[in-house]
Amino acid sequence: MRTDTGEIIHLEDYRETDFVLERVDLTFELDPTDTKVEARLIFHRRPGADPSAPLVLDGDALTLTGLLLDQEPIAEADYTETETALTIRTLPESVPFEICITTSLSPQTNTQLMGLYRTNNVYCTQCEAEGFRRITYFPDRPDVLAVYTVNIIADKATVPLLLSNGNFLGGANMGDGRHFAAWFDPHPKPSYLFALVAGDLGVVEDTFTTMTGREVALKIYVEHGNEPRAAYAMDALKRSMRWDEEVFGREYDLDIFKIVAVSDFNMGAMENKGLNVFNDKYVLADPETATDQDYANIEAIIAHEYFHNWTGNRITCRDWFQLCLKEGLTVYRDHEFSADQRSRAVKRIAEVRFLKAEQFPEDGGPLAHPVRPTRYREINNFYTATVYEKGSEVTRMIATLLGRDLFKAGMDLYFERHDGQAVTIEDFIACFAAVSGRDLSQFALWYHQAGTPLVSASGSYDAGRQRFTLSLEQMVPPTPGQSSKEPMHIPLRLALVLEDGSIATPSSVSGGEMTGDVLHLTERSQTLVFEGIASRPVVSLNRDFSAPINLHLERTAAERAHLARYETDPFARWQALNDMALLALVEGTASVRTGETFAVEPALIEALLAAARDETLEPAFRAQALALPSESDIAREIGRQVDPDAIFAARQQIMTAIAKAGASDFAALYDRMAPSGPFSPDAASAGRRALRNAALSYLVLAEDSPVRAAAAYDAADNMTDRIHALTTLCHRFPDAPDTARALDDFKTQFADMALVLDKWFAAQATIPGEGALGRVKALMADPLFNPLNPNRVRALIGTFAFSNPTGFNRADGEAYRFLASQILDIDSRNPQLAARLLTSMRSWRSLEEKRAEKAKLALKEIAAGAKLSADVSDIVDRTLKA
Ligand code: B3K
Ligand code: ZN
């Protein structure tokens, strides 16, 4: 393993390479512990480059077995090999030359899952960000684009399938029991998009005819027996390909598009050119094994990786600081795709919930960084919610500011101007500035300033003049390395909701620019005056979550209830309900902490039940309305001196009050939302299941008995209902015989289905309270717990640390110590997985002192680890730093 050197990479140090790579020919002779890789690289010195500059190639844990320059061995004096680089001197000044490098690899023992490794006997690669240098010495950076030919040789009986990027060139038996296949990718690409997969897999095949009438072969490879479970992924792929043609005018550009599902993968999926590799969790689905959330994730991730073909592959990043150029933009594209395939409002609610749960705590804690960072120690630690989700929101804001047509024109210009290039965020923004004539320099601060802006607003109404005045102020909090901030350009969608529920149309607005319903907040403080407002309005601000900000709005309880009732925009209506609930939960928590009793506002209960009953609203929306802010949402709102037990108690009490008041509504909903036909994963059916399960949760609370959940478990004919019933039993009645029976049944039924068993582990890892740690430890001793499989580790240890606030933050700090020992252990095998798990500690400073003190000790234990990876050192150091 490459241990930490502490070296920091800075954006401002970017320089072009001295050598231009023209083409790459790779030959792999596959063997579990002795794979031979031969790389033939044709270079020429960049015109104008220093004629004496050496060629420096990146490497990581490589065994060099051969090195030739134009077919001749290179003298030892002419090259230097270190742990991280191969430097070759005395190279031709102006003519192209060929370097041929041979390395030997052991995929079988590669537990980092970076570079070439084995998963269930399948050879597989992961190269982004810097995994290619674990295969051969190479200029392993995204601005080095070349055309690749790949020749793969392996034993035919055990490794019948040989895949790489691009189009198939040919293959044959070699007469010695081995065979080969050759692939050619005509599109110049950076090394991080290289992929090789070889093994014995089943395949699902289809075709797609592109907008210009070309037929593309589509193939999804899965373990034998899983073929039927890839049908939904194939359908999602074809819908994605069509959507990208229709909405962005983007056509696929090879003869074949391949997806491979593997069971050991550090992330969700990887967009390698023409050969996407997926965590099988995001490919395999059928009603018995996948939840509605799984189906939605598969649709979104298949689309995301496919969309990278243009935003990421055809146009890539100049350097890793520009990661959001491909990730933020591609998340935006997959969000829009899912919104078009499903309910836009419900999708937006889910996006905002996710953004607040994942990105807001990052932006408000020690790991905060700009969407386009300027320094990193380990790039893998920057595949974050900030780069992805906030990056997507920033793209969305460009679309909001410019409007649909100009946004489309800007994207078209981007594709036209930069196809085949490795570019920067500045290049991207310049396209939108060019088509709109707008100066986007202040807007660009969204890429450069970290931290979630806080906008405070207050309004006053002058009935005599029919005038409404809105005062706004913005503040961007300090973040690591950025103590003072400039005011941002914040697009706020706004509506003034009048007493009768209608939306005001002002006769004029002064004090700031408005385009349509979008107000441009550009100053630190700004006062807007709306004329011609017939009655006292309630201001609905940041509709559709048009900017990723925290909003502080002075509003009375009656005004909140008014919005929750009258907002016509479903997202804004949900936001109003959610605001009401969050306020009640925060106040309830304060009461629990001071030992006071508290009652739940009838207005809140009434508003929630009114939404639940409203047949004009779609069921998925009503389910979202009934889902109260999570314990972490409440903790974030409280911000300091957080006591997770008090939050839990207050939330329980409020949910029980809602459950009791709405018991008859929930019983009626539970019956009305019962399935009427065979299972279908479509969004409308999923919405009915979501609402029915929300009703079930409240009914179980009201009845305080496991009977109904146990019956739901037995009656379930799909995984959504089954896992919901099982989780409800686990959380509410962890020690009941019904729960033990259901857990046993589930384990027996799905013993050989890893992805389903992950749900069994996760359900138990989230049982609230002190007992959780003991349960997690016991589950780790279960023979089904496999510490080498990232999905399993995330399902048990990750779910416990990220999603069980009372269990993980138990007052004695034992769970922090447990996590510390796990991090050290996992780090020795798989640094990326360890570093990601460790980010669960990012909000430790907001805990009350006793817990915070214990969390700090655990972090220090990790920091003192003997042989830390760069990944874990970087996270632990930043987490501890003030
Ligand atoms: N680009 C990959 C993520 C790679 C992560 C490397 N640590 C998947 C994606 O975002 O589409
Ligand atoms: Zn991506």
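What ranking of Asp176, Asp721 comes out by heavy-atom accessible area, probe 1.4 Å, highest first?
Putting Asp176, Asp721 in descending order of accessible area: Asp176, Asp721.
Just to be sure I understand the model, the point goes 7 Å from the Cα along the line to the Cβ. What's the resulting Ala53 to Ala715 distance in nm?
Each label point is offset 7 Å from its Cα along the Cβ direction, giving 7.1 nm.
Round to the nearest 10 and give me the degree value, 0 to 90, for the angle of helix 391-402's Cα axis relative to the longest principal axis of the chain.
Between the helix axis and the principal axis of the chain, the angle is about 70 degrees.
Using +1 on the beta carbon of Lys and Arg, -1 on that of Asp and Glu, and nothing else charged, what's the dipole of the stretch 751-882 about the Cα centre, debye to 20?
240 debye
Write down the Å³ per residue value for the convex hull defined by the alpha carbon atoms of the stretch 142-187.
Value for the stretch 142-187: 71 Å³ per residue.
To the nearest 10 degrees, how steep is helix 849-863 against the longest Cα principal axis of the chain, on a 0 to 90 scale?
Relative to the chain, helix 849-863 is tipped by roughly 0 degrees.
Take the Cα atoms of the stretch 336-461, find their three principal axes, and give me the spread along each one in whole Å, biggest first.
On the principal axes, the stretch 336-461 reaches 49, 38, 36 Å in Cα extent.
Once the dipole of the stretch 664-783 is set up with Lys and Arg at +1 and Asp and Glu at -1 on Cβ about the Cα centre, which of Val756, Gly687, Leu699 lies farthest towards its positive end?
Towards the positive end, the residue furthest out is Gly687.
Considering the options Ala712, Leu779, Asn830, tell which one lies farthest towards the positive end of the dipole of the chain, charges being +1 on Lys and Arg and -1 on Asp and Glu at the Cβ, about the Cα centre.
Ala712
If r is the Cβ-Cβ distance from Lys660 to Asp462 and R0 is 45 Å, what FRET efficiency results, to the nearest 0.05?
Computed FRET efficiency for Lys660 and Asp462: 0.55.
Dividing the convex hull volume of the alpha carbon atoms of the stretch 751-882 by its residue count, what do you get in Å³ per residue?
It comes to 91 Å³ per residue, whole-number rounded.
Just read off the accessible area of Ser680 with the full protein assembly in place, 1.4 Å probe, to the nearest 10 Å².
Rounded to the nearest 10, that gives 30 Å².
Looking at the stretch 574-667, what % of the alpha carbon pairs are farther apart than 19 Å?
In whole percent, the share of Cα-Cα pairs in the stretch 574-667 beyond 19 Å is 39.
Please sort 18-29, 120-131, 452-463 by packing, taking for each peptide the average over its residues of neighbouring beta carbons within 10 angstrom, highest first.
Going by the mean number of other Cβ atoms within 10 Å, highest first, we get 120-131, 18-29, 452-463.
Which value, in Å², gives the accessible area per residue of the chain when a 1.4 Å probe is used on the protein heavy atoms?
Accessible surface, normalised per residue, equals 38 Å².
What is the distance in Å between the Cα centroid of the stretch 597-644 and that of the stretch 508-560?
Comparing the Cα centres of the stretch 597-644 and the stretch 508-560, I get a distance of 24 Å.
Take the Cα of Asp235, step 7 Å along the line toward its Cβ, and report every residue of the stretch 272-316 whose backbone nitrogen sits under 11 Å from that point.
Counting only backbone N, you get 286-287.
Leaving out ligands, DNA and RNA but keeping every protein chain, what accessible area does Glu587 have, in Å² rounded to the nearest 10, with a 1.4 Å probe?
Taking all protein chains as shown, Glu587 has close to 110 Å².
Give me the dipole magnitude in Debye, nearest 20, for the chain about the Cα centre, with unit charges on the beta carbon: positive for Lys and Arg, negative for Asp and Glu.
Roughly 1620 debye for the chain.
Compare Glu38, Glu336, Glu72 by solvent-accessible area with a 1.4 Å probe and give them largest first, with all protein chains kept in place.
Sorted by accessible area, descending: Glu72, Glu38, Glu336.
Please give the length that would be gained between Glu426 and Lys777 if that part of the chain were fully extended, namely 0.36 nm times their separation in residues minus their C-alpha to C-alpha distance (nm, one decimal).
121.5 nm
Accessible area of the stretch 751-882 with a 1.4 Å probe: how many percent of it is carbon plus sulfur?
The C+S portion of the solvent-accessible surface of the stretch 751-882 is 56 percent.
Where both partners of a DSSP beta bridge lie in the chain, what percent of those bridges are antiparallel, to the nearest 5?
Roughly 80 percent of the DSSP beta bridges within the chain come out antiparallel.
How far, in nm, would the chain grow between Glu98 and Gln641 when pulled straight, counting 0.36 nm per residue and subtracting the alpha carbon separation?
So the chain would gain 189.2 nm between Glu98 and Gln641.
Report the residues of the stretch 558-576 in range of a label on Ala603: point 7 Å along Cα→C-beta, backbone N strictly under 16 Å from it.
Of the residues in the stretch 558-576, 558-567, 576 have backbone N under 16 Å from the label point off Ala603.
Once you put a point 7 Å from the Cα of Lys860 and another 7 Å from the Cα of His552, both along the Cβ direction, what distance in nm separates them?
Modelled inter-label distance: 3.4 nm.
Using Cα centres only, tell me the gap between the stretch 814-843 and the stretch 302-372 in whole Å.
Their Cα centres are 25 Å away from one another.
Can you give the log10 of the normalised intensity I(q)/I(0) at q = 0.21 Å⁻¹, computed with Debye over equal Cα scatterers of the stretch 454-549?
-1.04
If I take every Cα pair under 8 Å that is 6 or more residues apart in the stretch 751-882, average their sequence separation and divide by the length, what percent do I get for the relative contact order?
Computed over the stretch 751-882, the figure is 21 percent.
Using Cα pairs closer than 8 Å and at least 6 residues apart in sequence, work out the relative contact order for the chain, in percent.
Averaging sequence separation for qualifying contacts and normalising by length gives 9 percent for the chain.
Please report, as a whole percent, how much of the solvent-accessible surface of the stretch 276-405 comes from carbon and sulfur atoms (probe radius 1.4 Å).
Using a 1.4 Å probe with all protein chains present, the stretch 276-405 comes out at 46 percent carbon and sulfur.
List the pair-distance distribution P(r) of the stretch 250-383, using every Cα-Cα distance, as the percent of pairs falling in each 10 Å bin from 0 up to the bin containing the longest distance, rounded to whole percents.
With 10 Å bins starting at 0, P(r) equals 11, 35, 40, 13, 1.
Describe numerically, in nm with one decimal, the distance between label points set 7 Å from Cα along Cα→Cβ at Ala339 and at Glu853.
Label at Ala339, label at Glu853, 4.9 nm between them.
Tell me what the chain gives for mean residue ellipticity at 222 nm when only DSSP H runs of n ≥ 4 count, each as -39,500 (n - 2.57), the sum divided by the residue total, rounded to 500 deg cm²/dmol.
-12000 deg cm²/dmol
Do you know the relative contact order of the stretch 124-220, to the nearest whole percent, from alpha carbon pairs under 8 angstrom that are 6+ apart?
32 percent
Take the chain, compute every pairwise Cα distance, and split them into 10 Å bins from 0; I just need the percent in each bin.
Values per bin, smallest distances first: 2, 11, 21, 25, 21, 12, 5, 2, 0, 0.
Among Lys189/Lys390; Lys189/Lys219; Lys273/Lys326; Lys281/Lys326; Lys347/Lys759, which pairs are too far apart, with a Cα-Cα distance over 18 Å?
Exceeds cut-off: Lys189/Lys390; Lys189/Lys219; Lys281/Lys326; Lys347/Lys759.
Compute the length gained on full extension between Asp812 and Arg404: take 0.36 nm times their separation in residues and subtract their Cα-Cα distance, giving the result in nm to one decimal.
Here the segment from Asp812 to Arg404 would lengthen by 141.5 nm.
The values are calculated or read from the model by the stated rules, or taken from the named source; none is laboratory data. This structure is a prediction, so every number in the text was calculated from the model and none was measured. When we count neighbours, we look across all protein chains shown, and the Cβ atoms used for this are built from the backbone with ideal geometry, even at glycine. Ligands, DNA and RNA are excluded from the accessible area calculation, which covers all protein heavy atoms including side chains. Shrake-Rupley method; radii C 1.70, N 1.55, O 1.52, S 1.80 Å.
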